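To start, the structure itself, in structure tokens.
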Ligand code: OGA
Ligand code: MN
């Protein structure tokens with residue numbers, strides 16, 4: 001495998017691999033190691049069907065089933081698009097467009113689940129000519145940049161993650177009563193310690209507050225940490241090429257989509273999500 005490093009802290013690219021023709025488990029182990037160290041792995045030139053996407057993803061673990069209320073619900077695929085079955089781009093007030101807007105906030109996929117996902121695999125099917133990048137923020141590099149007293153203070157903190165928290169800020173009606181019922185808030189550790197390459201912060205749009213702190217102190221602490229995320233060096237911004245497949249470690253990076261620029265053009269992405277094995281609360285190290 002030929003590997004090129006992309007960002008300062010995260011992101012590598014693989015050019016000479018066919019994910020539909022993996023002959024040796026060693027290749028999977030090698031990709032897992034790259035993901036563990038560089039958090040984001042881009043595999044170029046993968047013109048794959050949804051079944052091939054699923055089959056490759058399953059090498060890395062059991063896949064999550066897409067939650068209620070999302071395109072692809074009940075299947076192993078999540079479909080992100082801004083157009084309807086007839087190919088017409090839906091209006092900005094449409095749920096699909098509002099959900100895409102929610103994806104423009106830094107987040108970690110399914111951090112609102114008790115056992116949140118380990119990694120996601122996203123394949124670009126239709127990409128607009130301008131914008132619609134996907135950006136990744138190294139939460140290990142953010143952790144490393146914190147002052148020691150702040151590191152010490154947050155070492156054992158636990159946060160609440162709530163699907164409706166970030167979504168309600170986009171539009172109060174975006175989260176349906178059915179989703180609210182299916183997805184009660186859960187606790188997650190703030191500092192993740194199990195990756196051999198270092199500690200990372202587990203935050204993002206679903207994180208609503210620090211457990212055991214009042215609203216004001218919690219907001220202050222979270223804002224204090226968030227200051228350290230405003231550094232472009234910690235970000236790898238991916239400009240999609242046709243047939244790119246990207247894998248990322250949800251416990252080491254946050255990610256977000258960037259807006260489509262200029263005329264709104266169709267964008268279609270398909271994702272699988274590999275389930276985690278443990279809750280962050282019980283992670284062993
Ligand atoms: C996702 C996601 C961002 C994008 O698939 O989980 O957040 O750029 N996607 O589409
Ligand atoms: Mn996402």
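Taken together, the values in this text are just the output of simple stated rules run on the coordinates, not laboratory data. Being a predicted model, the structure only gives us computed values, none of them experimental. Note that each Cβ is placed from the backbone with ideal geometry, even for glycine, and that neighbours are counted across all protein chains shown.
Couple of notes before you dig in:
- Segment 1-76 and segment 181-250 have Cα centres separated by 21 Å.
- Base-10 log of normalised Debye intensity for segment 8-48 (one unit scatterer per alpha-carbon) at q = 0.15, 0.29, 0.35 Å⁻¹: -0.36, -1.09, -1.22
- For the chain, alpha-carbon Rg relative to the globular expectation (2.2 N^0.38 Å, N residues): 0.97
- With the cut-off at under 19 Å, measuring from each backbone N in segment 156-171 to a point 7 Å along the Cα-to-Cβ line of residue 224 picks out 156-160.
- Antiparallel DSSP beta bridges within the chain, as percent of all bridges there, nearest 5: 95 percent
- Exposure proxy ranking for 236, 228, based on other Cβ atoms within 10 angstrom of each Cβ and starting from the fewest, stands as 228, 236.
- Segment residue 88-residue 44, length gained on full extension (0.36 nm per residue, minus Cα span): 13.0 nm
- Rounded to the nearest 500, the 222 nm mean residue ellipticity of the chain from helices alone is -7000 deg cm²/dmol, with -39,500 (n - 2.57) taken per DSSP H run of at least 4 residues.
- Footprinting exposure proxy for 186, 142 (fewest neighbouring C-beta atoms within 10 Å first): 186, 142
- Compared with the direct C-alpha span, the chain from residue 171 to residue 263 gains 30.8 nm at full extension, assuming 0.36 nm per residue.
- Projected label distance in nm at residue 231 and residue 196, using a 7 Å step from Cα toward the beta-carbon: 2.6 nm
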